[in-house]
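Before any comments, here is the structure.
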Amino acid sequence: MHPVPTPPVIDQRLLDALPDLERYAAASTAFSHVVSIDSGLVGPHVVISALTHGNEVAGAIALDRLIRENPAISHGRLSLCFVNYRAYAQLDPAAPFGNRFLQRDMNRVWHGSLASDPTDAWEVRRARELLPLIQSSDFLLDLHTMPRKAPPLALIGPAARHRDLARAMGWPKWVMIDPGHADGKRLTDYHHFSDPDRYASAMLIECGYHFDLRTADIAYRACRHLLKTLHMLDSPARVSPDPARIITVTHSLVPTTAAEFSFERRFDGLQVIEKAGTLIARDGSIEIRTPYDDCVLLMPALLPSDGATALRLGRAKEFPDQ
Ligand SMILES: [Zn+2]
């Protein structure tokens, strides 16, 4: 049996900062809830997306702040997209995990034949609507948050161009090469960003804990940092003094039966377990132990569910120069 998790405490200042997105319903683009800032000069088209998961509100606060600041982009175009704005509108502080999506997890629907996917679910329709925007992007940053406290973590695909982007960014410190989930393609996995014969690159950043206002500041910083890295904002990018750590996922654990899966103790994200053989979880009668020294625990699920990844394990090393 799972221990019953204590209800999350939501920072009241986070609730007070939540933007009313209806002001972006008929925004400056052909797409609902998408705002573009165009320099008028040739350059990359950068898409920054928030609310791919409706309850991960920090990115929405960051994008709203960026739109109101209306930064002077030196070249190219910036599009800011509130992806699942309908799920966001359903946020209930008493049940803050309930509006991750309405019908389908929007970060599992981006398969190669999405354009002709006949599924009549809101998230699939919204993803299809956004396809021309996504397919016109050169770089995409997808802002997410986590159910447990953890430092910001970038997730990139295995292609060299994803590592190039992460290396150029130099922040956040933790970068995870993540080939994805068995149960569907994420936005950043879409073939526009992953096919070897295409060039567009994408990064997902897990900015921090869902319900902490500081996470919105980190999301805002992530947006500006990407734009500085691409020389679209004048001031130089501030590089983290810590050397970047790149994590290779070695194990993805999907519970045999979620109701019989439990962690040995509470783990936060990006926790490093020094000793190989440390008991970390039980999957029914099976003991799950760390397979090597200095094993990094990645995004332990708060409530493991059947068929979904409950925990990933990875090895960390310093970012290679090439
Ligand atoms: Zn998410």
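The values are calculated or read from the model by the stated rules, or taken from the named source; none is laboratory data. Please read these numbers as outputs of a predicted model, since none were measured by experiment. Quick reminder, even Gly has a Cβ in these numbers, built from the backbone with ideal geometry, and neighbours come from all protein chains shown. Quick note on the areas: whole protein, heavy atoms, side chains included, nothing else; ligands and nucleic acids left out. Shrake-Rupley method; radii C 1.70, N 1.55, O 1.52, S 1.80 Å.
In table form, for the structure just shown:
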read-out	value
Scan of segment 155-180 for residues that are touching a residue at least 24 places away in the same chain (Cβ under 8 Å), out of contact with any strand residue (DSSP E or B) (no Cβ under 8 Å at 6 or more places or on another chain) and closer than 18 Å to Thr145 by Cα, ordered by number	Trp171
Unique match (being in contact with a Gly (Cβ under 8 Å, 6 or more places away or on another chain) and farther than 30 Å from Leu165 by Cβ) among Thr256, Thr278, Thr250	Thr256
Evaluation of Asp195 against (1) modelled with pLDDT of 95 or more; (2) acidic (Asp, Glu); (3) open to solvent by 40 Å² or more (accessible area, probe 1.4 Å) (one fails), failing number	(1)
Matching residues in segment 272-287 - criterion: being among the basic types (Lys, Arg) and surrounded by 12 or more Cβ atoms within 10 Å (Cβ to Cβ)	Arg282
Of all residues making up segment 142-168, the number that are of a type in the set (Asp, Glu) and within 16 Å of the ligand (Cβ to nearest atom)	1
Filtered residues of segment 278-306 (kept if under 27 Å from Val175 (Cβ atoms) and not hydrophobic (A, V, I, L, M, F, W, C))	Thr278, Arg289, Thr290, Pro291, Tyr292, Asp293, Asp294, Pro300, Pro304, Ser305
Residue in segment 210-230 that is farther than 28 Å from Ala95 by Cα and part of a loop (DSSP other than H, G, I, E, B) present	yes
Count - residues of segment 21-76 that are within 16 Å of the ligand (Cβ to nearest atom) and surrounded by fewer than 23 Cβ atoms within 10 Å (Cβ to Cβ)	2
Members of segment 299-321 found to be surrounded by fewer than 14 Cβ atoms within 10 Å (Cβ to Cβ) and aliphatic (A, V, I, L, M), listed by number	Leu303
Residue in segment 177-217 that is farthest from Thr52 (Cα to Cα), counting only those that are within 16 Å of the ligand (Cβ to nearest atom) and β-branched (Val, Ile, Thr)	Thr215
Output for segment 114-154, where each listed residue is under 21 Å from Arg104 (Cα atoms), of a type in the set (Ser, Thr, Tyr) and either open to solvent by less than 10 Å² (accessible area, probe 1.4 Å) or in contact with a strand residue (DSSP E or B) (Cβ under 6 Å, 6 or more places away or on another chain) (or both)	Thr145
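Results for (1) closer than 17 Å to Ser137 by Cβ; (2) hydrophobic (A, V, I, L, M, F, W, C), shown as yes or no for each residue.
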| site | (1), (2) |
| --- | --- |
| Thr29 | yes, no |
| His33 | yes, no |
| Val42 | yes, yes |
| Val46 | yes, yes |
| Ala58 | no, yes |
